[in-house]
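Each value in this text was obtained by applying a stated rule to the coordinates, not by laboratory testing. Small disclaimer: the values here were computed from a predicted structure and weren't measured. Positions of Cβ are generated from backbone atoms using ideal geometry, with glycine treated the same way; all protein chains shown enter the neighbour counts.
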Amino acid sequence: MFGEDITIHLQTTPGKWYERKYQRANGLILDTVYGIAIENTIEFDFKTGKNEDTILKTFCTQWINKFECRQLVIKDGKFCKQDKKEVIKRLQTSDRVEKFNFYTTLYGIGYFCYFTGQKSFEQTNKILGDYLKSKGIEFKNEFSEAGWVYRFLINKDVKIHNSLLEGLTI
């Protein structure tokens, strides 16, 4: 979704940033605080909220506010932080294709499946797998290290990945 290696960790000891402790999470519990690690470093805390239906929206909102908006960019020769509108515009005008919970990457197509039930996961993967096979595309599958994304490793040009995903209908 965001092109980062993301892992989620349950916050086991709250407190100031230097007092907090975390352990790798195996799932999500509502109304609970987790640490979001990017490339093995906890970057921000994420609170799941009280409603299962809004976890993904809550995560995306917190990702933008707590991570993306804090990244330094160069504007007019100076380092500064982006505002939320700039971040959202950049994400919306990406050269990648997003459709349903799929998105294109350099390796192929990612399926953001962390909040997906097993039956839905299997059905959706069969649809994309059958679609790729019908187009004569060879691929391999793997989960991301964190288990949030199921990857369809195609390893062709990203324009081909974009075209494939644009043609997918569910």
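The modelled label-to-label distance for the pair Thr54/Leu106, using points 7 Å beyond Cα in the direction of Cβ, is 3.7 nm. Net charge of the neighbourhood of Asn51, taken over other residues with C-beta under 14 Å away and scored Lys/Arg +1, Asp/Glu -1, is 0. Here is the tail figure for segment 6-92: Cα pairs spaced more than 16 Å apart come to 58 percent of all pairs. FRET efficiency for Glu142 and Asp76, Cβ-Cβ distance as r, R0 = 41 Å, nearest 0.05? Approximately 0.45, to the nearest 0.05. Close amide H pairs (under 5 Å, H built 1.01 Å from N) link Val149 with Cys113, Ser144, residues at least 5 positions away or on another chain. Considering only Cα atoms, the convex hull volume of segment 98-167 works out to 79 Å³ per residue.
Considering the chain, its Cα convex hull presents a mean projected area of 11.5 nm². Peptide packing for 68-74, 154-160, 57-63 was compared via the average number of neighbouring C-beta atoms within 10 Å per residue; ordered from the highest value, the list is 57-63, 154-160, 68-74. If R0 is 22 Å, what FRET efficiency do you get for Ile88 and Lys66 from their C-beta distance, rounded to 0.05? The pair Ile88/Lys66 has a calculated efficiency of 0.95.
Here each label is just a point 7 Å from Cα along the line to Cβ, and for Lys99 and Val158 those points are 1.8 nm apart.
Taking the number of Cβ atoms within 10 Å of each Cβ as an exposure proxy, the fewest-first ranking of Trp17, Trp148 is Trp17, Trp148. If R0 is 45 Å, the Cβ-Cβ spacing of Ile38 and Ser134 corresponds to a FRET efficiency of close to 0.80.
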